[in-house]
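Report on the following structure.
The values are calculated or read from the model by the stated rules, or taken from the named source; none is laboratory data. Predicted model, so just to flag it, every value in this text is computed and none were measured. Neighbour counts are summed over all protein chains in view; Cβ atoms, including those assigned to glycine, are modelled from backbone coordinates with ideal geometry.
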Amino acid sequence: MKGRTEKNIKAQVRQNPTLRDLHRTILKDLEEVENELKTFSASKNKIISDINSYLFQKSGKRIRPSLLILCSKLMDYKGKEHILMGCLVETIHTASLIHDDIIDNSDTRRGKESVHEKWGPNITVLMGDYLYIKTIGLSLKSQHKQIVQIITDTSARMIEGELNEYSLSGNLDMGEDDYLDTINKKTASLFSASCRIGGVLGKASLKEEKTLEEIGTNLGMSFQIIDDLLDFTGDEKTLGKPILSDLRERRITLPLIYTLKNDGRANRKRVGALLKRDGFSEESLQEILDIIRYNGALDYTFQKAEEFSRKTKKLIYQFSPSPYRDALSLFADYILCRKK
């Protein structure tokens, strides 16, 4: 990140944790999740087997399984069901990315060809549906009926968020509340479900379960806001996808909303005119980027992510001290200063 936003991060995040720092206390559990994902991806159907093997190569951050495991251990859970549940939340996440790439016509994901690009839209949409349905089916193995309901409700909310985002695409009158509602459903709901499932496994009280749910929501909101910020400030090689992808797809995110609502009249008019064109030239994209970089939109976006991060930490410290509580706290810092 550049300019004032980078200074803000350095000033407000005292630590710069890595994923290894976050995973230090749960490495064995995450290895078991990876093994479960390999078992899950096996199929007699060659297309399913090939796509699953491609999807579940160890290239993702495994944030959602990590949150589920940490929250279960925060509640002193001693069983093994958290491994299967970690696998399932990662699979739901993967299914959502597949559908996302189809809608956005994205040709890259995590630095390699998207499933949509490699196998085509027809097979890909069926694969996304298959993963959602299989996940819900496997959740029935849980000893906790509540978990089945959480997974079902969360899958529906994520799809609703995707539909909201698609319907608002290119809508220059979209407000911040619409944006926050969409990312809550599309992204934060699975973070929230992951933390809540960990609590259910650990027999959390209703109050504790609600707190874990809120921790997940705030982490997810911060994560998606930073994701949208990185589209303007990130590095293509590090991100594994082109920068300004959201802008090219006419996805209205917070830096653009801020610009259209708060910048001077001339700049608002100019950005609006550029966005209404049928196609973007590189010059047009660069002009919009230059306006956004110098009008305070990036600082405002980071500050909004940091606001959710502060809420996260306040909630986390309601629990007794433990290595798992510390790791959850580090998650809030990691999300703010991540580069991809």
For this session: With the checklist (1) in contact with a Lys or Arg (Cβ under 8 Å, 6 or more places away or on another chain); (2) at pLDDT 95 or above in hand, flag the one item D76 doesn't pass.
Result: (1)
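Report whether or not L74 is buried (at least 22 other Cβ atoms within 10 Å of the Cβ), more than 20 Å from the chain's Cα centre (by Cα) and in contact (Cβ under 8 Å) with a residue 40 or more places away in the chain.
So L74 passes the test.
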For this session: Name the one entry in I291, I335, I316 that is touching a residue at least 12 places away in the same chain (Cβ under 8 Å) and either over 19 Å from L22 (Cβ atoms) or touching a Pro at 6+ places or on another chain (Cβ under 6 Å) (or both).
Result: I291
For this session: Could you please find all residues in the stretch 160-184 being assigned to a helix (DSSP H, G or I), touching a residue at least 24 places away in the same chain (Cβ under 8 Å) and of a type outside the set (S, T, N, Q)?
Result: E160, G161, E162, E165, Y166, L168, E176, Y179, L180, I183
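Here's the yes/no breakdown for (1) touching a Cys at 6+ places or on another chain (Cβ under 9 Å); (2) within 21 Å of G216 (Cβ to Cβ); (3) at pLDDT 95 or above:
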residue: L30; (1), (2), (3): no, yes, yes
residue: K38; (1), (2), (3): no, no, no
residue: S41; (1), (2), (3): no, no, no
residue: S53; (1), (2), (3): no, no, no
residue: C71; (1), (2), (3): yes, yes, yes
Exercise. Counting only residues that are in a helix (DSSP H, G or I) and surrounded by fewer than 18 Cβ atoms within 10 Å (Cβ to Cβ), how many does the stretch 139-156 have?
Worked result: 7
Problem set entry | Residue count for the stretch 48-61, restricted to those that are within 26 Å of Y317 (Cα to Cα) and crowded, with 20+ Cβ neighbours inside 10 Å | 0
For this session: Residue by residue through the stretch 238-258, note down the ones that are closer than 11 Å to D227 by Cα and touching a residue at least 40 places away in the same chain (Cβ under 8 Å).
Result: L239, T253, L254
For this session: Could you tell me whether any residue of the stretch 178-197 is basic (K, R) and over 26 Å from Y258 (Cα atoms)?
Result: yes
For this session: Within the stretch 288-312, work out how many residues are surrounded by fewer than 16 Cβ atoms within 10 Å (Cβ to Cβ) and in a helix (DSSP H, G or I).
Result: 4
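Let me confirm something: among G86, G128, which residue is buried (at least 20 other Cβ atoms within 10 Å of the Cβ) and either touching a residue at least 40 places away in the same chain (Cβ under 8 Å) or touching a Pro at 6+ places or on another chain (Cβ under 8 Å) (or both)?
Among G86, G128, only G86 is buried (at least 20 other Cβ atoms within 10 Å of the Cβ) and either touching a residue at least 40 places away in the same chain (Cβ under 8 Å) or touching a Pro at 6+ places or on another chain (Cβ under 8 Å) (or both).
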Exercise. R248 passes all but one of (1) surrounded by fewer than 22 Cβ atoms within 10 Å (Cβ to Cβ); (2) closer than 23 Å to S66 by Cα; which number fails?
Worked result: (2)
Exercise. Checking G264 against (1) on the phi > 0 side of the Ramachandran plot; (2) surrounded by fewer than 17 Cβ atoms within 10 Å (Cβ to Cβ), which test does it fail?
Worked result: (1)
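For the condition of a type outside the set (G, A, S) and free of Cβ contacts under 8 Å to residues at least 24 places away in the same chain, what is the one hit in L19, L27? Outline the logic, then answer.
Numbers: L19 fails: free of Cβ contacts under 8 Å to residues at least 24 places away in the same chain.
Testing whether each residue is of a type outside the set (G, A, S) and free of Cβ contacts under 8 Å to residues at least 24 places away in the same chain leaves just L27.
Confirm whether I51 is over 18 Å from the mean Cα position of the chain (by Cα), closer than 26 Å to K237 by Cα and assigned to a helix (DSSP H, G or I).
It is true that I51 is over 18 Å from the mean Cα position of the chain (by Cα), closer than 26 Å to K237 by Cα and assigned to a helix (DSSP H, G or I).
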Exercise. Restricting the stretch 192-219 to residues that are basic (K, R) and surrounded by fewer than 23 Cβ atoms within 10 Å (Cβ to Cβ), which is nearest to the chain's Cα centre (by Cα)?
Worked result: K210
